[in-house]
Structures are given as structure tokens and as C-alpha cells.
Amino acid sequence: MQKQCNKANGAAGFSLIELMVALGITLVIMVVAGRMLAMSLNIRSRENQRTEAIADAQRALQMITRDVNNAGLGLKTNGLSSNEPTAEIYGDIRIRSNLDAFTETAPNTTTPGDDVAYELINDTTVTPAQRLVTRQDINTKQISQLANRIDALQFEFLDAAGNVVAPVKAVKVRITVTVSLPSVGTPRAPGYQPPTRMQLRSEATLRNSLLKQ
């Protein structure tokens, strides 16, 4: 009976070396898991930024393109003007049209939506400062924010052959929106996402240029 008890006592528990090995393996697993978690969180954060930025830029492009397509409708001019026709950062454009041209006897641009202006402004009321694409209805004095996170807005006024011309001679407008995404994480750390820059572009043809052909 005494011999059996001694054998049982000698087989119980772990040695110090076994505990140290197990602890080391656990620490390695925790470090690897932590790095993978940080990487996945940074990648997810960057993808969220990218999705929101693209959605903002697409919304702005769609609205500007729609209004440019109607520019000059029912008027004797193409309805376009700009203070900075080649500006790459603080772009602006004013679009006039007579959307009720088919029901009105005399052309006018006094109803809502007939006279609008788009502009990229620098909003310093927030920290850090942001650039916003705004749409102003000149007739109603209403200003709406279309998109933030926008780095640059550019309008290029083109003739039928694609040459850059003055706004009053344009039959097409090329709209370019640039979005800059900041870095995510720390350089050389797991999952670091460097800053990136994206461009979205749309080319709109004025409807009145087609009607005059």
C-alpha cells in the first residue's frame, strides 16, 4: 500500500520546466493574436473610411452632373459660369437653366432649381478643418452640404472636340472629385494603412447643346 501511494505522489502535477514552456507558448499565441486583431481593426477602419468617402464623392458627382446636363435648357446661352474655371482645389460652378421651358412662354430662371451654384469650401468650424462640397439654390437662398472628406474639386469646360474652353463656350463639363484618406495606425506597426488618394470623374454633356444640333 505504501509503494502505491509513493508512485501516485510522484506522478501528480507539472514540473517547473513544463510550466515555463506552457507559459511561453501562451504568450506567443497572445502576441500573434494581438497583432492580427490590430491589423484587422486598422483594415476595417480604412475600409469604412473608403466606403464613406466614395459614397460622399458619388453623391456630389451625381447631383452636379444632373444639373450640368440641364444647363442652358430654354435659354440662349449654355447657362454656365465660374470664377475659377481651372481651379483644382477650390472649384466652383454656377448653372442656370429654365426647367419649365416647355410650359412657359418666356424664358426665366427664377423658380427653385433653375439657378444653382456648387462650391468647395473650407470648413474651419470643426477640428481638423474639412473641405465640403455645397450646393446653393440662388433663388431660395438655401445651401445644402453634399459631401465632406473632399480634398479637391475641379471643373474642366470642354468643346465638342474635347478642348478646354471658356465656360460660356462649353458643351461638356468634366468634373473631378479627389478624396484623400489619412493613414490608420502607426508606421511599421502591424496593420498600418498608409494615406491614399482617390479620384472620381464624371463628364456631363449640356442638354441644350444636343437640342441645337
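The values are calculated or read from the model by the stated rules, or taken from the named source; none is laboratory data. A quick note: this is a predicted structure, and the numbers were derived from the prediction, not measured. Here the Cβ positions follow ideal geometry from the backbone for every residue, glycine too, while neighbour counts run over all protein chains shown.
Output the residues belonging to the range 144-163 that are part of a strand (DSSP E or B) and surrounded by 13 or more Cβ atoms within 10 Å (Cβ to Cβ). Give the derivation first.
Applying the first criterion (part of a strand (DSSP E or B)) to the range 144-163 yields 144-147, 150-158.
Within the range 144-163, GLN145, LEU146, ALA147, ILE150, ASP151, ALA152, LEU153, GLN154, PHE155, GLU156, PHE157, LEU158 meet the criteria.
Can you go through ARG96, ARG35 and tell me which one is buried (at least 21 other Cβ atoms within 10 Å of the Cβ), charged (D, E, K, R) and touching a Gly at 6+ places or on another chain (Cβ under 9 Å)?
Details: ARG35 fails: buried (at least 21 other Cβ atoms within 10 Å of the Cβ).
Answer to the selection: ARG96.
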Task: When residues of the range 122-143 are limited to those that are surrounded by 11 or more Cβ atoms within 10 Å (Cβ to Cβ) and among the aliphatic types (A, V, I, L, M), the one nearest to ILE64 (Cα to Cα) - done: VAL133
- [ ] Kindly provide the set of residues from the range 112-131 that are farther than 21 Å from ARG149 by Cβ and either within 18 Å of the chain's Cα centre (by Cα) or part of a loop (DSSP other than H, G, I, E, B) (or both), ordered by number.
- [x] PRO112, GLY113, ASP114
Open item on the list: When the residues of the range 36-55 are narrowed to those that are at pLDDT 75 or above and among the charged types (D, E, K, R), which ends up farthest from ARG188 (Cα to Cα)?
Closed with: GLU52
